[in-house]
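Reading through the structure tokens given below for one structure.
The values are calculated or read from the model by the stated rules, or taken from the named source; none is laboratory data. Here the structure is a predicted model, which means the values were calculated and not measured. Positions of Cβ are backbone-derived with ideal geometry, glycine not excepted, and every protein chain shown enters the neighbour counts.
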Amino acid sequence: MDGIVTGQVLASKWDAVYGVGVFLRVLFGTLPAWAKWIISGLLGATALWEGCRWWYRRREAVR
């Protein structure tokens with residue numbers, strides 16, 4: 001064997017995103033509904049907060 005296998009496929013950058021998505025779906029699938037709502041609310045609030053901070057910093061940098 002040469003050590004070179006032509007049947008292998010290189011992973012794309014989206015394979016990692018897909019893997020994380022599957023992991024989160026399995027993780028959230030086993031949680032009760034109230035826990036899903038709390039975690040989703042916290043993640044949503046964090047994303048909104050960071051988005052507002054980014055927008056404010058961007059607006060201040062233009063001035």
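Filtering the range 27-56 to residues that are surrounded by fewer than 10 Cβ atoms within 10 Å (Cβ to Cβ), at pLDDT 90 or above, assigned to a helix (DSSP H, G or I) and not aliphatic (A, V, I, L, M) leaves only W34.
Taking L24 as the residue in question, decide whether it is assigned to a helix (DSSP H, G or I), modelled with pLDDT under 90 and on the phi < 0 side of the Ramachandran plot. If you could, list the steps in order and put the result at the bottom.
Details: assigned to a helix (DSSP H, G or I): yes; modelled with pLDDT under 90: yes; on the phi < 0 side of the Ramachandran plot: yes.
Yes, satisfied.
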